[in-house]
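The values are calculated or read from the model by the stated rules, or taken from the named source; none is laboratory data. In this text, all values refer to a predicted model and were calculated from it rather than measured experimentally. Because the Cβ atoms are built from the backbone with ideal geometry, glycine has one as well, and the counts that use them run over all protein chains shown. These accessible areas exclude ligands, DNA and RNA; they are computed on the full protein's heavy atoms, side chains included. Shrake-Rupley method; radii C 1.70, N 1.55, O 1.52, S 1.80 Å.
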Amino acid sequence: MNTHPPASGGPQRQDKAPTKANQQWGGRYADGPAAIMKEINASIGFDYRLWQQDIQGSLAHAAMLAKKGIISQEDEQAIRKGLEEIAEEIRTGLFKFDENLEDIHMNIEARLSEKIGEAGKRLHTARSRNDQVATDFRLWLREQIDHICQTLSSLMLALSERAAEYAATPMPGFTHLQTAQPITFGHHLLAYVEMLHRDYTRLQDGRGRLNECPLGSAALAGTSFPIDRAMTATLLGFDRPTANSLDAVSDRDFALEYLSSLSIMAMHLSRLAEEIVIWCSAPFSFIRLSDAFTTGSSIMPQKRNPDAAELARAKIGRIAGAFSTLLMVMKGLPLAYAKDMQEDKEPVFAATDAIMLTLAAMEGMILDMQPNTHKMYELASSGFSTATDLADWLVRVLKLPFRTAHHITGRLVSKAEQKGLRLDELSLTDMQAEEPQITEDVFSVLSLEASLASRISEGGTAPKNVTKAAQAWLSKLKAQS
């Protein structure tokens, strides 16, 4: 994967100098474009990131052309050697990108012809920049999906490790950010593992759909040369060639699906980041982050700001914005290719960079955080968090209708609130004043520990459930790493 500019710092603009004609166009365009046209038309300033995929696709295309007798074996060998040398030039920062050549494809092809002469000019036989860029883009996205999934698995592993560590640690569970029922910290962390795993599978599903090879579709109608599209697809690791040449060069739904998956993932990460911000705040104080993931205040020396979490929370804007950008680019385009589609790469590149940084930051914070178990226990015990356990006991033991049990429990909560007591601190006499059938046994379900232990339904927060689920995730994630 290459997500950073080449060692040279990327292409340098030269738009102040008089513009010469692009020699790749041949005789039709004798004059160069106007400066403003050059500025809007060139994509080398960002699509240089596809250089590895462009060379990879060209090597496969040349091998196929030679095997089919469309070019000679000697030309194919010269092309291979030239492309390998160009790859080394780009890796070492010696390659000179030229904005006059517009994009990565022409920059590489021009340099190849410069290095090996006529053989280099034969490389573009039976292909177009339209199928070339569609192939390069799919190759690049496939690599990014693999890398993101690997990084995502690492974050899920970190969450699972912390969940196993705190499988029995009580914390308040919230609805409407109000204390609802006690849960365990491990259970809470595993909820995000489930979310992120769905994100993982969405990316994997999308990878399967994008893994078809457009190469050989040419500009839009295919080619009259006797090419072997199955061969190039196999050489490039695709499952098959695309079935329709128009579709192959003119749609970017694979990139939209990728951005959609990243947007959902970023939303999940943003929610976790928001909780980290809340947990770090003084009123909660559920966790503490070290100096590695916090910053201070310029005027308030006591402050420890969870800036890493706040910035991770904000990345959803960039990523979802990239999805909206590409959706708007594509929504009104007739078949086949249009230059609008040059705008597909920048949002995808930006979203990829943002999600990778966010994943790394989130994993760092999960491994870094130190839970304040005492504070979690204290707040889990407050807010009458075991009221539902009382109502369930009335239904289970006294056989009352749940709605009746709900009303009785509500009256007991009100009584406890008036007296400044927890539910388990009310006397049996107080309880029997609301429901005479209540016995001493009711107190067995009102403690925090009893409440947690009782939630044994599949997917529930009982510590033994959480331990089992965390171990299952740890086994699965370690096996796939």
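Can you pull out the helices (runs of 4 or more DSSP H) entirely within segment 244-333 that have at least 2 residues that are assigned by the TED database to the domain that holds residue 212 and touching a strand residue (DSSP E or B) at 6+ places or on another chain (Cβ under 9 Å)?
By residue number, 253-280, 307-330.
Residue 437 is checked against (1) exposed (fewer than 14 other Cβ atoms within 10 Å of the Cβ); (2) touching a helix residue (DSSP H, G or I) at 6+ places or on another chain (Cβ under 9 Å); (3) touching a residue at least 60 places away in the same chain (Cβ under 8 Å) and fails just one. What number does that condition carry?
For residue 437, the failing item is (3).
Within segment 185-194, is there a residue that is open to solvent by 50 Å² or more (accessible area, probe 1.4 Å), assigned by the TED database to the domain that holds residue 338 and either outside any helix (DSSP H, G or I) or free of Cβ contacts under 8 Å to residues at least 40 places away in the same chain (or both)?
yes
Being of a type in the set (Ser, Thr, Tyr), in the same structural domain as residue 287 (by the TED database), assigned to a helix (DSSP H, G or I) and at negative phi, is that true of even one residue in segment 460-472?
no
Please list, ordered by first then second residue, the pairs with beta carbon atoms under 7 Å, 6 or more apart or interchain, first in segment 414-427 and free of Cβ contacts under 8 Å to residues at least 24 places away in the same chain, second part of a helix (DSSP H, G or I).
415/430; 426/412; 426/415; 426/416
Cβ-Cβ distance below 7 Å, separation of 6 or more or different chains: which pairs start in segment 241-254 with a residue that is among the charged types (D, E, K, R) and end on one that is at pLDDT 95 or above and open to solvent by 10 Å² or more (accessible area, probe 1.4 Å)?
Taking only residues 6 or more apart or on different chains, the pairs are 252/330.
So which residues in segment 79-99 are open to solvent by less than 30 Å² (accessible area, probe 1.4 Å) and in contact (Cβ under 8 Å) with a residue 40 or more places away in the chain, if there are any at all?
79, 90, 93, 95, 97, 99
Of these, 179, 151, 175, which one is modelled with pLDDT of 95 or more and hydroxyl-bearing (Ser, Thr, Tyr)?
151
For residue 360, indicate whether it is in contact with a Leu (Cβ under 9 Å, 6 or more places away or on another chain), at pLDDT 90 or above, in the same structural domain as residue 254 (by the TED database) and surrounded by 16 or more Cβ atoms within 10 Å (Cβ to Cβ).
No, not satisfied.
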